[in-house]
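In what follows, a structure is listed as structure tokens, so that the remarks can point back to it.
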Amino acid sequence: MSDLLSGLNDRQKEAVLAGDGPVLILAGAGSGKTRALTHRIAYLIRERGVSSNNILAVTFTNKAAKEMAQRVEILLRSSEKNSTKGRFFMPYLGTFHAICVKILRREIDKYSSRGSNFTIYDQSDSLNAVKQAMRKLNISEKSYNPRAIRSFISSAKSELIDDKDYKKYAFEHFQEIVSQVYSEYQKILRSGNALDFDDLLMVTVEILEANPPLLQEYQEIFKYILIDEYQDTNHAQYRLVKNLAQKYRNIFAIGDDWQSIYSFRGAKFQNILDFQKDYADAKIIYLEENYRSTEPILQAAQSVIKNNEVRSDKNLFTKNSSGAPVTVISSEEKLREVDFILDEINSLCLGEGRRYSDFAILYRTNAQSRPFEEALVRRAIPYRIYGSIKFYERKEVKDIIAYLNYLQNPNDLVSLSRIVNVPARGIGEKTLSKIIASPQDAKNIEKYASFLKLIDQIKEEIVNLVPQEAIERVIEKTRYREFINDGTIESQSRLENLEELKAAASSYEKLNDFLQNAALVSDVDKHGEEGDVLTLMTVHLSKGLEFPVVFISGLEEGLLPHSQSLDDQIALEEERRLFYVAMTRAMERLYILHSRCRFVYGSFQYSMPSRFIDELPESIDSLEI
């Protein structure tokens, strides 16, 4: 067993060797929780003789599940070299959705009207089904946005509220509309023998709870349950785990409430704080030694997070006491911030021999990436947008650029095909084919003629406008802002991207010059698929990653914390957790930046530094640029 415990600290060993019964591991950032979890699985199989068939390990992403499986396999194979036990079997490791699919394929036809060959609808399929339901109910898409309705249905399902129960709680007019669509949507799913992603969890819970003998069968199968990132569980996931663990109570939950940042997905970080309420005899183990960051970074992060009222008590420490102090940089405006970051990156590459892949630029909203991308292209620095798409490749940005291109060049059929039915004008694929085949002959088609009239009006109105004003006129005349504003969190990001596009155009006097620059940025080759590239990403996407040097951009009131959280204490505490996550991505150097002037909604506005900066310790460095 020495190899299983080799390299583990005392608290990690305690977690690995914990006996039966409920165990909660409160694991601080960079404290080696994945190592503890995988060694625990290998320990149960190798030393405790638990059958791998009786172990269920759950995480939230396929990437995390794959990494976990690889580590467990290495640990189990290493023991086989010196044993005569023969072939070993891997435990079941996967995401919540993968686990539920496996259960449903076996059981759904026995306990419901659906067949085991059910289709799984992705978000696009689900949205199309919502639209179909709306058409059946004669509910106009212009009056009620299908994406918003789908978002409400998804939220209800994550709370295990079916269409019948939702109807009881629908007190407002929009909720009544959602209720009607929800019922019709479910009929469409059932008639098509289909489940959406939320159904995978909801239907599994429903079947298990409605059939006690079946639940008991799975309780016998999954005698040992290990849950990674427990703070990110929603209500449906929580109920699934609680049901499966009810008999043997061998639940090993690991996570960090300080890093709970997914409430917009339905995650309830209170689940991890309430673990002892569910399991009064739970053993609580704290993983507090941080292996990632230097002491100055860790002290700064803890100084901020301890301002949250609702949290567990941990005291992270590191043996890596050396390191550069955390630096807060104040600039007059955003472009100075961009130039400082890129100059500092070049300086560290030359002075310390660092590679571009050592650096990450983090920000709160997708729209903040645009000035960085343009500067990186000008400087020929390879970069990638991690887990996202480049600014000029985002749909809403490409749509408006396509309008501008078509206004400049009526022969641009690629742009025409993109915008002729965006927003929807009732021009279907057959009509579009006729238009593309012969634009001149198609002018007698009424809906296309109406579109061309709108284009002529816009063209006339933007003749004397600068690019920034021309973009706003296109958005207004096409009612594009209303088209994308569906009331969801995603729509807020899309609206911010439109404003950022206007900001990008503000430094140009001629539309052609702006469009040429936009095309250049769009055509950057795929440096991100190669090795040495600079990383740009939102803070949400950075969770679970680490970089030697991290720049956190835009620490201003309204950005981080976000404007939608300023009047809500619960939301504000999540924003603070988001800042904590960003800070703890840094291993060796951390820079926190804010600008006093930022281009917002078409004009320069004064920006207040984030309140989180005042929560940093006095040991930080400050720099004015």
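Points to keep in mind about this one:
- Flag if Gly487 is of a type outside the set (A, V, I, L, M) and within 30 Å of the chain's Cα centre (by Cα): yes
- Residue that is farthest from Ser31 (Cα to Cα) [pool: residues in segment 567-599 that are open to solvent by less than 10 Å² (accessible area, probe 1.4 Å) and of a type in the set (Lys, Arg)]: Arg577
- Only one of Gln123, Gln70 that is surrounded by fewer than 13 Cβ atoms within 10 Å (Cβ to Cβ), modelled with pLDDT under 85 and either farther than 24 Å from Phe275 by Cβ or small (Gly, Ala, Ser) (or both): Gln123
- Failed condition for Glu469, given (1) assigned to a helix (DSSP H, G or I); (2) closer than 30 Å to Ser263 by Cα: (2)
- Condition check for Gly323: surrounded by 18 or more Cβ atoms within 10 Å (Cβ to Cβ) and out of contact with any Gly (no Cβ under 7 Å at 6 or more places or on another chain): yes
- The lone exception for Leu404 - which of (1) within 29 Å of Glu141 (Cβ to Cβ); (2) within 28 Å of the chain's Cα centre (by Cα); (3) not hydroxyl-bearing (Ser, Thr, Tyr) it fails: (2)
- Condition check for Ala301 on (1) open to solvent by less than 10 Å² (accessible area, probe 1.4 Å); (2) without any contact (Cβ under 8 Å) to a residue 12 or more places away in the chain: one failure, at (2).
- When residues in segment 539-552 are screened for being closer than 25 Å to Arg596 by Cα and touching a helix residue (DSSP H, G or I) at 6+ places or on another chain (Cβ under 6 Å), 4 of them pass.
- Residue in segment 93-102 that is among the small types (Gly, Ala, Ser), modelled with pLDDT under 85 and surrounded by fewer than 18 Cβ atoms within 10 Å (Cβ to Cβ) present: no
- Meets criteria (in contact with a strand residue (DSSP E or B) (Cβ under 8 Å, 6 or more places away or on another chain) and over 24 Å from Pro22 (Cα atoms)) for Asn290: yes
- Qualifying residue in segment 541-551 (condition: at pLDDT below 95, in the same structural domain as Cys349 (by the TED database), open to solvent by 10 Å² or more (accessible area, probe 1.4 Å) and polar (S, T, N, Q)): no
- Every condition in (1) within 23 Å of the chain's Cα centre (by Cα); (2) modelled with pLDDT of 90 or more is met by Lys131 except one, and the failing one is (1).
- Residues satisfying the stated conditions in segment 126-150, i.e. surrounded by fewer than 15 Cβ atoms within 10 Å (Cβ to Cβ) and within 21 Å of Phe96 (Cα to Cα): none
- Filter pass, Leu335 being assigned to a helix (DSSP H, G or I) and modelled with pLDDT under 95: yes
- In segment 228-246, the residues that are open to solvent by less than 30 Å² (accessible area, probe 1.4 Å) and within 19 Å of Glu206 (Cβ to Cβ): Thr233, Asn234, Ala236, Gln237, Leu240, Val241, Asn243, Leu244, Ala245
- Breaking point among (1) open to solvent by less than 50 Å² (accessible area, probe 1.4 Å); (2) under 26 Å from Gly426 (Cα atoms), for Ile207: (2)
- The number of residues in segment 183-193 being more than 14 Å from Ser113 (Cβ to Cβ) and without any contact (Cβ under 8 Å) to a residue 40 or more places away in the chain comes to 1.
- Test result for Gly86, surrounded by fewer than 20 Cβ atoms within 10 Å (Cβ to Cβ), at pLDDT 90 or above and not assigned by the TED database to the domain that holds Leu541: no
- Condition check for Arg249: closer than 21 Å to Leu56 by Cα, open to solvent by 10 Å² or more (accessible area, probe 1.4 Å), touching a residue at least 40 places away in the same chain (Cβ under 8 Å) and in a loop (DSSP other than H, G, I, E, B): yes
- Checking each residue in segment 15-57 for being in a helix (DSSP H, G or I), open to solvent by 20 Å² or more (accessible area, probe 1.4 Å) and more than 17 Å from Gly255 (Cβ to Cβ) picks out Tyr43, Ile45, Arg46, Asn53, Asn54.
- Selected residue (only one of Ile261, Ile225 is β-branched (Val, Ile, Thr), open to solvent by less than 10 Å² (accessible area, probe 1.4 Å), modelled with pLDDT of 95 or more and not in a helix (DSSP H, G or I)): Ile225
- Restricting segment 326-355 to residues that are touching an Asp or Glu at 6+ places or on another chain (Cβ under 6 Å) and under 16 Å from Val550 (Cβ atoms), the residue that is most open to solvent (accessible area, probe 1.4 Å) is Arg355.
- Qualifying residue in segment 191-200 (condition: under 19 Å from Cys100 (Cα atoms), open to solvent by 10 Å² or more (accessible area, probe 1.4 Å) and assigned to a helix (DSSP H, G or I)): yes
- Residues that are part of a helix (DSSP H, G or I), open to solvent by less than 90 Å² (accessible area, probe 1.4 Å) and either outside the structural domain of Lys131 (by the TED database) or farther than 22 Å from Asp125 by Cβ (or both) within segment 151-180 comprise Asp165, Phe174, Gln175, Glu176, listed in sequence order.
- Single unsatisfied condition, Ser321 versus (1) assigned to a helix (DSSP H, G or I); (2) free of Cβ contacts under 8 Å to residues at least 60 places away in the same chain: (1)
- Members of segment 552-565 found to be of a type outside the set (Asp, Glu), in contact (Cβ under 8 Å) with a residue 24 or more places away in the chain and over 26 Å from Thr34 (Cβ atoms), listed by number: Ser553, Gly554, Leu555, Gly558, Leu559, Leu560, Pro561, His562, Gln564
- Pair list, Cβ under 6 Å, 6 or more apart: segment 273-294 residue open to solvent by 80 Å² or more (accessible area, probe 1.4 Å), other residue assigned to a strand (DSSP E or B): Lys283/Val23
The values are calculated or read from the model by the stated rules, or taken from the named source; none is laboratory data. A quick note: this is a predicted structure, and the numbers were derived from the prediction, not measured. Every residue, glycine among them, receives a Cβ derived from its backbone with ideal geometry; neighbour counts consider all protein chains shown. Keep in mind that these areas ignore ligands, DNA and RNA; they rest on the heavy atoms of the full protein, side chains included. Shrake-Rupley method; radii C 1.70, N 1.55, O 1.52, S 1.80 Å.
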